[in-house]
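Here is the structure we will look at, set down as structure tokens.
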Amino acid sequence: MNRLPGIALLTLASLGLISISASGGDKGKKPAGKGLDMRVPFTPLWSGGAPGAKGKDPADIPGVYIYPAKEPNGASVVVCPGGGYGGHAMDHEGVQIADWLNSHGITALVLKYRLGSRYNHPVPLGDAQRAIRYARANAEKWKGDSKRVGILGFSAGGHLSSTAATHFDAGDKDAKDSIGQLSCRPDFAVLLYPVITLDGPFAHIGSRNNLLGKNPDAKLIELLSNEKQVTKDTPPTFLVHTSEDSGVRPENSVLFYLALKKNGVPAELHIYEKGQHGLGLGKKDTPFATWPDRCVAWMKGRGFLDAAK
């Protein structure tokens, strides 16, 4: 077994990372709301239209589907489904994740963020930041704690989540909108087979093209290669990937983990040997399906699931 030095709490069936294409995408992606019973109302993130909106069609309106926990413990999580920044895998990386979070007392806000090529950076990031601020502003409505708001994302949604975890602000105290006055820094992040880097051999080119357009400026690529943007203020992070992933290479998670470790940020990384891209919660009785329990144990260990006060 190959091991990376200094990685504690790392589940490795194998780290013999193979050479695979980085041009794949999320499997099973579907546009938000099509053919799915979201079971809860859609809540726009801005009243009167989102900043930079190019129209009034559903694709122009970012928002969240809020799944309150029946027995809340105070934590809430913004969920970012994957889809290569070209769609939303809203079922197995959205609704199913909300049900899992609810079962552990966590309120879930499944995010429908705006997509390329109609919307490029920084629009999706702005949508994710607004969702975090919204969760913080409305936490009391679902017996939540405004200091326990996390973000969770899959694949390209993992890139969006890691971007939110490395590009944040304390809010604009002069904003007329009270939500805009709040911090958009997540208190913790959970990243599942995430796109992290947009540069070099491990980049996911499809996500990069959708987010930045073709032939983007090199400085913008570096800015959104999030392993290069980690600081000591990046929130504690839990990462999951597989060695077999042929959609988004597992080096993405490794690079982010090493950057977290270098900056003294609490982190835990699990790399499973088997499993292709887009697994969501994982198939029953497979090793990958153990990640949700390990994630809950990590969140409990860091106090994010303490009983509501």
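The values are calculated or read from the model by the stated rules, or taken from the named source; none is laboratory data. Note that the structure is a prediction, hence the values are computed from the model and not measured. Glycine also receives a Cβ, built like all others from the backbone with ideal geometry; neighbour counts cover every protein chain displayed. Heavy atoms of the whole protein, side chains included, go into the accessibility calculation; ligands, DNA and RNA do not. Shrake-Rupley method; radii C 1.70, N 1.55, O 1.52, S 1.80 Å.
Restricting to the stretch 47-72, and then to whatever is among the charged types (D, E, K, R) and touching a residue at least 24 places away in the same chain (Cβ under 8 Å), can you tell me which residue is surrounded by the fewest Cβ atoms within 10 Å (Cβ to Cβ)? Outline the logic, then answer.
In the first step, residues of the stretch 47-72 are kept if they are among the charged types (D, E, K, R); the result is 54, 56-57, 60, 70-71.
Imposing the further condition that a residue be touching a residue at least 24 places away in the same chain (Cβ under 8 Å) reduces the set to 54, 60, 70-71.
On the way: Lys54: 12, Asp60: 15, Lys70: 9, Glu71: 11.
By that ranking, first place goes to Lys70.
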**Message:** For the stretch 266-289, give me each residue that is touching a strand residue (DSSP E or B) at 6+ places or on another chain (Cβ under 9 Å), open to solvent by less than 50 Å² (accessible area, probe 1.4 Å) and part of a helix (DSSP H, G or I).
**Reply:** Phe288
**Request:** Determine which single condition Leu260 fails, assuming it passes every other condition in (1) open to solvent by less than 60 Å² (accessible area, probe 1.4 Å); (2) within 22 Å of Val123 (Cα to Cα); (3) not aromatic (Phe, Trp, Tyr).
**Result:** (2)
**Message:** Please verify whether Thr231 is crowded, with 24+ Cβ neighbours inside 10 Å and not hydrophobic (A, V, I, L, M, F, W, C), treating the condition exactly as stated.
**Reply:** no
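Inspect all residues belonging to the stretch 195-202 and state whether any of them is in contact with a Gly (Cβ under 8 Å, 6 or more places away or on another chain), under 30 Å from Lys274 (Cβ atoms) and without any contact (Cβ under 8 Å) to a residue 60 or more places away in the chain. Working first, answer last.
Start the filter on the stretch 195-202 by keeping residues that are in contact with a Gly (Cβ under 8 Å, 6 or more places away or on another chain), which leaves 195-196.
Filter once more, keeping what is under 30 Å from Lys274 (Cβ atoms): 195-196.
With the extra rule that they be without any contact (Cβ under 8 Å) to a residue 60 or more places away in the chain, the set shrinks to 195.
Yes, the stretch 195-202 has at least one match.
Of the residues that sit in the stretch 73-87 and are of a type in the set (Gly, Ala, Ser) and either without any contact (Cβ under 8 Å) to a residue 12 or more places away in the chain or surrounded by 24 or more Cβ atoms within 10 Å (Cβ to Cβ) (or both), which one is farthest from Gly213 (Cα to Cα)?
Per the criteria, the residue is Ala75.
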**Message:** Being among the hydrophobic types (A, V, I, L, M, F, W, C) and open to solvent by 10 Å² or more (accessible area, probe 1.4 Å) is the requirement here; does Ile205 meet it?
**Reply:** yes
**Request:** Kindly list the number of the only condition in (1) farther than 28 Å from Ser117 by Cβ; (2) surrounded by 22 or more Cβ atoms within 10 Å (Cβ to Cβ) that fails for Leu198.
**Result:** (1)
**Message:** Residue under question is Val230, and the condition is that it be touching a helix residue (DSSP H, G or I) at 6+ places or on another chain (Cβ under 7 Å) and within 28 Å of Gln276 (Cβ to Cβ); does it hold?
**Reply:** yes
